[in-house]
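Colleague: This is the structure, below, for whatever I ask next.
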Protein chains: 2
Amino acid sequence: MTQSGHLQFKDQLVYKSAVSHQTPARLPRGRPRSFDTEAAVERAMGVFWSRGYHATALPDLLRATKLSRGSLYAAFGDKHSLFLRALDRYVANALTRMDIELAPHSEPVDGLRAYLAGYVERTSGANGRRGCLLVATAMELAGHDAEVDRRIGRFFKAMEARVAGALSRAKAAGKLDDGVDPSSAARILVCFVEGLRVVGKTGPTTITSQATADALLDRFIK
Amino acid sequence: MTQSGHLQFKDQLVYKSAVSHQTPARLPRGRPRSFDTEAAVERAMGVFWSRGYHATALPDLLRATKLSRGSLYAAFGDKHSLFLRALDRYVANALTRMDIELAPHSEPVDGLRAYLAGYVERTSGANGRRGCLLVATAMELAGHDAEVDRRIGRFFKAMEARVAGALSRAKAAGKLDDGVDPSSAARILVCFVEGLRVVGKTGPTTITSQATADALLDRFIK
DNA sequence: TCCTTTCAAGACCATTCGGTCTAGATATGG
DNA sequence: CCATATCTAGACCGAATGGTCTTGAAAGGA
């Protein structure tokens, strides 16, 4: 029925209707679920994050989630669906973070500095070596998995839009150098930041990375 | 004996002494090897490139190299050693390309433009979707495989050094904007270019990517 | 109490994994 | 021709894969 291939459609629908909006006035009559589904997704996310999709085996997920095989399959359908949920959570976290850092009402340049500083911190030293679930997924599965493709594309577009928004506001406030186009600069920053994730795998020092990020931003800021 | 773990040392030595400088006055007496080892590495590289390490199965490699199981194991030891050879070839190709584009005697700014244009071409459209063996390897195996770690680290250092060299020459020729530090700018460009590889997975248009790269370089060039 | 549901533990399944080995054909040099 | 070495094809190996199913205990509502 669920076979390991990539017919995510059915599984997707299944988990959505089974998981979202818990107990809509519907009271199940047996023993209630005794574990936190979202916490399990989070733990699974951690495993996928540090090992990648293919290198993560079922026993790894069972150990991390502290679930039995049966419970895990009942709750999530299969490995692939669980992975997609973990990826969704990762993306949501990243976008939420950006929404805070680049909040429209706050000072855009400060926001951009915070945004870059966050990436510097996450891509240097041990944090850097841990890598990024989204970038790792993009490199491992993009082009082979339609559901993943969609999420990757959406994420980069969303990120670029937020950065472009902040740059536009900075430009309107006269803080940008002459000739800087916000949308073009946004693409530059997104590439830079994702490149940080890649070279971050070698565990550079925070100092170096921060100086590099500062040097880049200084090319745009007046 | 060779078991699938990561004792690359022995295999490494084996293939080195068995492959480099062919027939040093030594004439083997039986049937000679009837396939091109380097061509096989190249074909294997193609498979790892488009599928990644874990997702590449032995039958994939046999199909691509047109070798039998026995021949492949006799020639390369095991999957991991073959992968390392493929990775080495990929890295060598990339560095050779850079040595041409950023040749010390030629105009450094033109070289940097060519360097960026090459990345733009390789990271947009279908080329972009194909991705980069090195970045994919970094995200998939770095931190879990010491031999890979070494190669990734070496590559980024080598790339940064070449770009920094070109930028230094550009600065000496007075082509750089005031306040641009070549080594810092080199780190920026390396991050940007590796970020291109990541977002390239969504297959952006050549036009957009080229415009982005131009916009970045224009922030450094006078 | 009874019914229903979920739980953990683990047996079980077919398939695939990376890797070894054999058999028989083939191609070279002596 | 003989000895040597390599080739392909595929059987074979133990281990691991993702996934299903059974068992029996436990926890809720009616």
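The values are calculated or read from the model by the stated rules, or taken from the named source; none is laboratory data. In this text the structure is predicted, and so the values were computed from the model without any measurement. All Cβ positions, even for glycine, are placed from backbone atoms using ideal geometry, and neighbour counts span all protein chains on display.
Colleague: Please state which one of B:165, B:143, B:128, B:200 is at pLDDT 95 or above and at the interface with another protein chain (Cβ under 7 Å from one of its Cβ atoms).
Modeller: Working: B:165 fails: at the interface with another protein chain (Cβ under 7 Å from one of its Cβ atoms); B:128 fails: at the interface with another protein chain (Cβ under 7 Å from one of its Cβ atoms); B:200 fails: at the interface with another protein chain (Cβ under 7 Å from one of its Cβ atoms).
Testing whether each residue is at pLDDT 95 or above and at the interface with another protein chain (Cβ under 7 Å from one of its Cβ atoms) leaves just B:143.
Colleague: Consider only pairs whose beta carbons are under 9 Å apart and that are at least six residues apart or on different chains; among these, list those whose first residue lies in region B:32-49 and is more than 14 Å from chain A (Cβ to nearest Cβ) and modelled with pLDDT under 95 and whose second residue is within 16 Å of DNA strand C (Cβ to nearest atom) and not in a helix (DSSP H, G or I).
Modeller: Sorted first by the residue in region B:32-49, then by its partner, the pairs are B:35/B:66; B:35/B:67.
Colleague: If you check every pair at least six apart or on different chains, which have Cβ atoms under 9 Å apart with a residue in region A:58-85 that is of a type in the set (D, E, K, R) first and a residue that is more than 7 Å from DNA strand D (Cβ to nearest atom) and not in a helix (DSSP H, G or I) second?
Modeller: What qualifies is A:66/A:35; A:79/A:53.
Colleague: Across region B:24-76, what is the number of residues that are near DNA strand D (Cβ under 10 Å from one of its atoms), closer than 19 Å to residue B:92 by Cβ and surrounded by fewer than 20 Cβ atoms within 10 Å (Cβ to Cβ)?
Modeller: 2
Colleague: Right, another one. Determine whether region B:153-168 contains at least one residue that is of a type in the set (Phe, Trp, Tyr), out of contact with any Gly (no Cβ under 9 Å at 6 or more places or on another chain) and not in a helix (DSSP H, G or I).
Modeller: Keep residues of region B:153-168 that are of a type in the set (Phe, Trp, Tyr), which gives B:155-156.
Remaining after also requiring out of contact with any Gly (no Cβ under 9 Å at 6 or more places or on another chain): B:155-156.
Among the residues that remain, those that are also not in a helix (DSSP H, G or I) are: none.
For region B:153-168, residues of a type in the set (Phe, Trp, Tyr), out of contact with any Gly (no Cβ under 9 Å at 6 or more places or on another chain) and not in a helix (DSSP H, G or I): absent.
Colleague: Can you name the condition, by its number, that residue A:220 falls short on among (1) at the interface with chain B (Cβ under 8 Å from one of its Cβ atoms); (2) in contact with a strand residue (DSSP E or B) (Cβ under 8 Å, 6 or more places away or on another chain); (3) surrounded by fewer than 19 Cβ atoms within 10 Å (Cβ to Cβ)?
Modeller: Result: residue A:220 fails condition (3) only.
Colleague: Could you list, in sequence order, all residues of region A:146-162 that are buried (at least 17 other Cβ atoms within 10 Å of the Cβ), within 12 Å of chain B (Cβ to nearest Cβ) and of a type in the set (D, E, K, R)?
Modeller: A:149, A:151, A:160
Colleague: May I ask you to say which residue of A:129, A:197 is part of a helix (DSSP H, G or I) and surrounded by fewer than 19 Cβ atoms within 10 Å (Cβ to Cβ)? Let's see the steps before the verdict.
Modeller: Working: A:197 fails: surrounded by fewer than 19 Cβ atoms within 10 Å (Cβ to Cβ).
Of A:129, A:197, the one residue that is part of a helix (DSSP H, G or I) and surrounded by fewer than 19 Cβ atoms within 10 Å (Cβ to Cβ) is A:129.
Colleague: If residue A:205 meets every condition in (1) free of Cβ contacts under 8 Å to residues at least 60 places away in the same chain; (2) over 15 Å from residue B:195 (Cβ atoms) apart from one, which number is that one?
Modeller: (1)
Colleague: Output the residue which, of all residues in region B:59-74 that are more than 22 Å from the chain's Cα centre (by Cα) and hydrophobic (A, V, I, L, M, F, W, C), is farthest from DNA strand C (Cβ to nearest atom).
Modeller: Residues of region B:59-74 that are more than 22 Å from the chain's Cα centre (by Cα), as a first pass: B:59, B:62-63, B:66-74.
Within this subset, residues satisfying the condition of being hydrophobic (A, V, I, L, M, F, W, C) are B:62, B:67, B:72, B:74.
On the way: B:62: 10, B:67: 11, B:72: 8, B:74: 9 Å.
My answer is B:67.
Colleague: Here's a follow-up. Quick one: in region B:77-92, which of the residues that are among the small types (Gly, Ala, Ser) and either within 16 Å of DNA strand D (Cβ to nearest atom) or surrounded by fewer than 21 Cβ atoms within 10 Å (Cβ to Cβ) (or both) is nearest to the chain's Cα centre (by Cα)?
Modeller: So in region B:77-92, the residues among the small types (Gly, Ala, Ser) come out as B:77, B:81, B:86, B:92.
Imposing the further condition that a residue be either within 16 Å of DNA strand D (Cβ to nearest atom) or surrounded by fewer than 21 Cβ atoms within 10 Å (Cβ to Cβ) (or both) reduces the set to B:77, B:81, B:92.
Values: B:77: 22, B:81: 16, B:92: 6 Å.
Ranking the qualifying residues of region B:77-92, first place goes to B:92.
Colleague: Which one of these does residue A:4 not meet: (1) within 13 Å of DNA strand C (Cβ to nearest atom); (2) modelled with pLDDT of 95 or more?
Modeller: That leaves (2) as the condition not met.
Colleague: Which condition breaks for residue A:187 when tested against (1) of a type in the set (D, E, K, R); (2) surrounded by 20 or more Cβ atoms within 10 Å (Cβ to Cβ); (3) within 11 Å of chain B (Cβ to nearest Cβ); (4) out of contact with any Ser or Thr (no Cβ under 6 Å at 6 or more places or on another chain)?
Modeller: (4)
Colleague: If only one of B:95, B:133, B:102 is within 14 Å of another protein chain (Cβ to nearest Cβ), touching a Phe, Trp or Tyr at 6+ places or on another chain (Cβ under 8 Å) and more than 14 Å from DNA strand D (Cβ to nearest atom), which one is it? Don't jump to the end; show me each part of the working.
Modeller: Values: B:95 fails: within 14 Å of another protein chain (Cβ to nearest Cβ); B:102 fails: within 14 Å of another protein chain (Cβ to nearest Cβ).
Sole residue among the options that is within 14 Å of another protein chain (Cβ to nearest Cβ), touching a Phe, Trp or Tyr at 6+ places or on another chain (Cβ under 8 Å) and more than 14 Å from DNA strand D (Cβ to nearest atom): B:133.
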